[in-house]
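Participant: Okay, here's the structure, questions in a sec.
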Amino acid sequence: MANYTGARCPVCEKKFTDNDDIVVCPICGAPHHRSCYQQLGHCALDELHIKGHTWQPSQEDSQQEQQGGTSCPCCGANNPASGIFCQICGAPIKGPSACTHRPADGWQDLRAAASAAYNSAFGGLSPEEEIEGVSARDIALYIGSNSRYFLPRFKQLSLRGGVSPNLAAFFFNFLYFFYRKMYLVGGLLLGLFLLAQLPTLVALPEYMVYVYENIEIILKGINPAPFTPTQYIWAYSAIKIARIILFASGFTMSLFGNRVYMSHVLNRIRRIRAACTAPDGAFDDTHYTETLARRGKTSRLAVILCAVGVFLVIYIACEVVAAIVYNQTI
């Protein structure tokens, strides 16, 4: 665990102290106050990831750290240069026995907390740990800022299988999969959604005529005669079936959405790695890193375009229904 005491948080620009709760970006290694990272929602140096940027303390901070003392090899706390034992955890600072001596009570908790500050960015995994042959570092780079949520779930799914609930996939359905750049799955769900609206569009004109003919009674607060369909009777039964199908598809995606996303991410990473490997076996890691960051993450533009497209389709359908109702009532 590196010693970040004296370095500056890239969000608030305040120097870290020994008591600060620090998390580290899984991509570039930049330390942040946990509250700053959570407030921003991603690494403050996110734009530099595609260039392969790796965080390093500023020259000023490094000089101040050197002047201020020595870093403990166990817990990372800053100590006077003349010190022999760490003032925080009690471990020896210098010599071959450094960090092999069992220090004072509480050292193990401090060291565990230090490790947790780093590993929390990976959801408890180490960067080198692999999931079906792909490192957590590569997966985190492809997923982006929310990797700490997906990594432990991917690990559990790869080891134990089963299901992993995803409420976003249930509530946002096809929009969620477009957001995660799973365009094939999103397109299939979008097609199912539009297909499920057809029975409603078929039955809607007759019902709108009924509303138009009884609008005065309805506005007076009087209940009109019950609506009894006479046309396209099948459509009214199909509406109920369509609703059940949409709910079932959303519920299924909520259970298997993380598994589908894991398969998508791992397959994409493998393809990118293969594309960055020359026939002679030479591997271009810089191009590989840049490609992961560029092709991964999320797409708000895809969500906006999809939502606008659905709105236009529904708007045109409503105009057609309105024209049919108008022709039937004049």
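Participant: Just name the residue that is surrounded by the most Cβ atoms within 10 Å (Cβ to Cβ) out of those in region 1-49 that are among the charged types (D, E, K, R) and not in a loop (DSSP other than H, G, I, E, B).
Facilitator: Only one residue tops the list, namely 46.
Participant: Go through (1) more than 30 Å from residue 284 (Cβ to Cβ); (2) small (Gly, Ala, Ser); (3) modelled with pLDDT under 75 for residue 41 and report which single condition fails.
Facilitator: Going through (1) more than 30 Å from residue 284 (Cβ to Cβ); (2) small (Gly, Ala, Ser); (3) modelled with pLDDT under 75 one by one, residue 41 breaks only (3).
Participant: Continuing with this model, one more query. In this structure, does residue 248 turn out to be within 21 Å of residue 177 (Cα to Cα) and either over 23 Å from the mean Cα position of the chain (by Cα) or open to solvent by 100 Å² or more (accessible area, probe 1.4 Å) (or both)?
Facilitator: So residue 248 passes the test.
Participant: Related question: Please list, ordered by residue number, the helices (runs of 4 or more DSSP H) wholly in region 128-174 having 2 or more residues that are open to solvent by less than 30 Å² (accessible area, probe 1.4 Å) and modelled with pLDDT of 90 or more.
Facilitator: In region 128-174, 136-143, 147-160 are the helices (runs of 4 or more DSSP H) which contain 2 or more residues that are open to solvent by less than 30 Å² (accessible area, probe 1.4 Å) and modelled with pLDDT of 90 or more.
Participant: Filter region 195-249 down to residues that are assigned to a loop (DSSP other than H, G, I, E, B) and not β-branched (Val, Ile, Thr), then give me how many there are.
Facilitator: Qualifying residue count, region 195-249: 12.
Participant: Do you know which residues across region 252-295 are of a type in the set (Gly, Ala, Ser), open to solvent by 50 Å² or more (accessible area, probe 1.4 Å) and in a helix (DSSP H, G or I)?
Facilitator: Selection gives 263, 274, 275.
Participant: Restricting attention to region 175-194, and to residues there that are touching a Phe, Trp or Tyr at 6+ places or on another chain (Cβ under 8 Å) and in a loop (DSSP other than H, G, I, E, B), which single residue is surrounded by the fewest Cβ atoms within 10 Å (Cβ to Cβ)?
Facilitator: My answer is 182.
The values are calculated or read from the model by the stated rules, or taken from the named source; none is laboratory data. Since this is a predicted model, take the numbers as computed values, not measurements. Quick reminder, even Gly has a Cβ in these numbers, built from the backbone with ideal geometry, and neighbours come from all protein chains shown. Side chains included, ligands, DNA and RNA excluded: accessible areas come from the protein's heavy atoms. Shrake-Rupley method; radii C 1.70, N 1.55, O 1.52, S 1.80 Å.
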